[in-house]
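The values are calculated or read from the model by the stated rules, or taken from the named source; none is laboratory data. All values reported here derive from a predicted model rather than from experimental measurement. Note that each Cβ is placed from the backbone with ideal geometry, even for glycine, and that neighbours are counted across all protein chains shown. Surface accessibility is based on the protein's heavy atoms, side chains included, excluding ligands, DNA and RNA. Shrake-Rupley method; radii C 1.70, N 1.55, O 1.52, S 1.80 Å.
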Amino acid sequence: MKRLASLAAALVLGFTGFTVGTPAHAVSAERLPDLKMLRPSNFYIQNTGTEKRLRFQTVMHNAGTGKFGVQLRRPDTLTNRMTVRQRIYRADGTWRNVDVPGTHGFYAGDGHDHWHVYRLQRFTIRKVNADGTLSSVLAGGAKTGFCFYDNYKVNLGLPYAPQSPHYTTCGNANSLRVVEGLSVGWGDRYSATMAYQWIKINGLRDGKYRIDVIVDPSNWFLESNNSNNRAFRTVRITGNTVTVL
């Protein structure tokens, strides 16, 4: 009976992929990204004739110990949305994929030939009252989709930060599979002049306002710290002038 029990145990170990003496929980530690925003900058006001827009630059970056890798897929070119998966990397070089059903990939349609992840970032403006308290959100950013890759050096002194970019593309109109991401220490910059990089401020009176920029506001993606995804600036708007306070 003891021999039969030993044989059965050996078969179970064989099917589960573990060898004798290797505990089932011995999996290499995961290196998670840590998504952050730099404080918005380069503010200016654009008047189009019908809209008054507060424009500014944003930078999303990865301060974690692992890459922020995202895969977008669609079955054919007739499908106008892509599913989204996050790839979680481990210390031994292996990885696992995690479906992210809350969002999707879509073709930009803003003059840029690439794919965006829906609602990866959110921008808002609130009035700063005389007593320092904040009003409710008065308006949100016009931009709803973001293509991201290693194009801005933030802190290449971090452990595991590559000294050259790893992620370099966001696909094109004919892509069926797109890999986007941010390496450790790298950021993705959206300049103030880029398409939809604004908050519409029609009707807002001159005064003091707070601009918040948030990455992964719905916490769709796995990262090491969800509490540091927000950055902000306080500005004073006077006519067509913006002053950072």
| query | Could you say which residue among Tyr160, Tyr89, Tyr107, Tyr167 is of a type outside the set (S, T, N, Q), open to solvent by less than 60 Å² (accessible area, probe 1.4 Å) and more than 16 Å from the chain's Cα centre (by Cα)? | reply | Tyr89
| Would a scan of the range 67-75 turn up a residue that is at pLDDT below 95 and of a type outside the set (D, E, K, R)? | no
| task | Filter the range 132-184 for residues that are under 20 Å from Asp113 (Cβ atoms) and assigned to a strand (DSSP E or B) and give the result. | result | Gly145, Phe146, Arg177, Val178, Val179, Glu180, Gly181
| said: So the check is Cβ under 7 Å with 6+ separation or different chains; which pairs have a first residue in the range 154-169 that's over 12 Å from Glu180 (Cα atoms) and free of Cβ contacts under 8 Å to residues at least 12 places away in the same chain and a second one that's part of a loop (DSSP other than H, G, I, E, B) and open to solvent by less than 50 Å² (accessible area, probe 1.4 Å)? | reply: Gln163/Leu156
| task | Please verify whether the range 187-198 includes one or more residues that are within 30 Å of Arg96 (Cα to Cα), touching a residue at least 40 places away in the same chain (Cβ under 8 Å), open to solvent by less than 20 Å² (accessible area, probe 1.4 Å) and outside any strand (DSSP E or B). | result | no
